[in-house]
Every structure is written in C-alpha cells, then in structure tokens.
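The values are calculated or read from the model by the stated rules, or taken from the named source; none is laboratory data. In this text, all values refer to a predicted model and were calculated from it rather than measured experimentally. Cβ sites come from the backbone with ideal geometry, for glycine too, and all protein chains shown count toward neighbours. All accessible areas refer to the heavy atoms of the entire protein, side chains included, with ligands and DNA or RNA removed. Shrake-Rupley method; radii C 1.70, N 1.55, O 1.52, S 1.80 Å.
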Amino acid sequence: IGLDDIAKSVGVHPVHLARTFRESYGLTLGEQVRALRIEFACTLLSTSDTRLAEIAFASGFSDQAHFSRVFKQHIGITPSQYRLIHSPS
C-alpha cells in the first residue's frame, strides 16, 4: 500500500497526508512503516528460531542484506546480535 492509496482511502490529497503525518508524529509515513517492520522483526527474532532471510521477507524487506542494514540503523546491533541477547534461553 502506498501513500496515494492511503490518501485516497481517507479522502485527502497525498501531499496533505504526508505533511500532516510528519507534523503530527515527527517522522514520515515511510519511516513509520519501517519502524513497524523492525518492531515485528524484533518480536520474531526474540520468540522464534526462524531464519533471518525468512524474517526479513515476513517483515516486508526484499532481502536479508537490506533488512540487516535497516535493522542495525534502527536498533544499533545486527539481527543476529539482537537474537542472542533477547532469545529466551
């Protein structure tokens, strides 16, 4: 789903939606989507033994390398390091 689709579904212009969202939440719609994808990935990393490539795909990333890069930018450590720290063992 893109910005145009969301704007159309709520009956506003895409530029207005993007501007208002950024003013209200302090980040862009794209940044919010990435944050939610990373949050979902964190849950999977800490509660399952699912392979990183599968978690990347399930979280909406096209490949594991991109997922790992974005994850490290947001969380500060790699997905593997996160799993080691947060997995119940």
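Observations on the structure shown:
- Modelled label reach - ASP5, point 7 Å along Cα→Cβ, segment 45-60 residues with backbone N closer than 19 Å: 57-60
- The chain, helix-only ellipticity at 222 nm - DSSP H runs n ≥ 4, -39,500 (n - 2.57), divided by all residues, nearest 500: -22500 deg cm²/dmol
- ASP5 sits with roughly 90 Å² accessible to a 1.4 Å probe, with DNA, RNA and ligands left out of the calculation.
- Extents of the chain, taken as max minus min of Cα coordinates on every principal axis and listed largest first, are 48, 22, 21 Å.
- ILE77 exposes around 40 Å² of accessible area when a 1.4 Å probe is run over every protein chain in place.
- In the assembled protein chains, SER80 presents an accessible area of approximately 60 Å² (probe radius 1.4 Å).
- Each Lys and Arg adds +1 at its Cβ and each Asp and Glu adds -1 at its Cβ; summed about the Cα centre, the chain shows a dipole of about 160 debye.
- Relative contact order of the chain: 21 percent, from C-alpha pairs under 8 Å at least 6 residues apart in sequence.
- Contour excess over end-to-end distance, with Cα ends at ASP49 and SER62 and 0.36 nm allotted per residue: 2.7 nm
- Loop-located trypsin sites (Lys or Arg not before Pro) across segment 43-81 with a Cβ neighbour count of 11 or fewer within 10 Å are ARG51, with loop assigned by DSSP.
- Stretching the chain fully between TYR25 and HIS86 yields a gain of 19.1 nm (0.36 nm per residue, less the alpha carbon separation).
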